[in-house]
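Below: the structure, in structure tokens.
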Amino acid sequence: MALSPLVWIAVGVACLGFEIIAPGFVIFWFGIGALLTSAVIFIGLIGSDNATAQWLFFFISSLVCLLAWHFYFKKYFKGSGDAEERDPTLNELRGRVVKAVMPDVPGEVELFTPYHGIKRWQAEAAEIIEEGSEIFVIEAKGIRLLVAKKN
């Protein structure tokens, strides 16, 4: 089924909007692919009645954008990871482990002092920290905390 350029714009905007709800920076590129498809149909490079060419262009352009981001452009948008650039607000907060935290297996901690009204957080650690152990926050990694066992 061939789509008009306006429908492709709507699909593109919907994909871009859905990226806000389900972040992962994958759906975004399908939104860009839909917008590019709309532009190509609008300028006449693909006929508005040629469904196969539209869908083929959509999938190829989305895939090219996704791969270009993943293998080339992504490195230009990463922060350096220096401590000065991190948000130190949660650092040194204390709490206890509610669900055991292990390397490569996130657990759950409850902070003694809520941060933005939130007491329970997902947490990671470089060591095994058993349930009930006291912890302190080393840094925030997105919505997860990197924690260490309090000595």
Report yes if Ala14 is without any contact (Cβ under 8 Å) to a residue 24 or more places away in the chain, of a type outside the set (Lys, Arg) and either out of contact with any helix residue (DSSP H, G or I) (no Cβ under 8 Å at 6 or more places or on another chain) or not in a helix (DSSP H, G or I) (or both), otherwise no. no
Return yes when Val7 is touching a Phe, Trp or Tyr at 6+ places or on another chain (Cβ under 7 Å), over 25 Å from Phe77 (Cβ atoms) and either outside the structural domain of Phe71 (by TED's automatic domain parsing) or assigned to a helix (DSSP H, G or I) (or both) and no when it is not. no
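So that you can scan it fast, the table gives a plain yes or no per residue for (1) among the aliphatic types (A, V, I, L, M); (2) crowded, with 19+ Cβ neighbours inside 10 Å:
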position	(1), (2)
Ala22	yes, no
Val26	yes, no
Phe30	no, yes
Gly33	no, yes
Thr37	no, yes
Ser48	no, no
Phe58	no, yes
Could you please find all residues in the stretch 88-146 being touching a Ser or Thr at 6+ places or on another chain (Cβ under 9 Å) and among the hydroxyl-bearing types (Ser, Thr, Tyr)? Tyr115
With the structure loaded, tell me whether Glu131 is of a type in the set (Asp, Glu), assigned to a loop (DSSP other than H, G, I, E, B) and either touching a helix residue (DSSP H, G or I) at 6+ places or on another chain (Cβ under 7 Å) or at positive phi (or both) or whether it fails that test. no
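The values are calculated or read from the model by the stated rules, or taken from the named source; none is laboratory data. None of these values were measured; they are calculated from a predicted model. In this analysis, Cβ positions are derived from the backbone assuming ideal geometry, glycine residues included, and neighbour counts consider all displayed protein chains.
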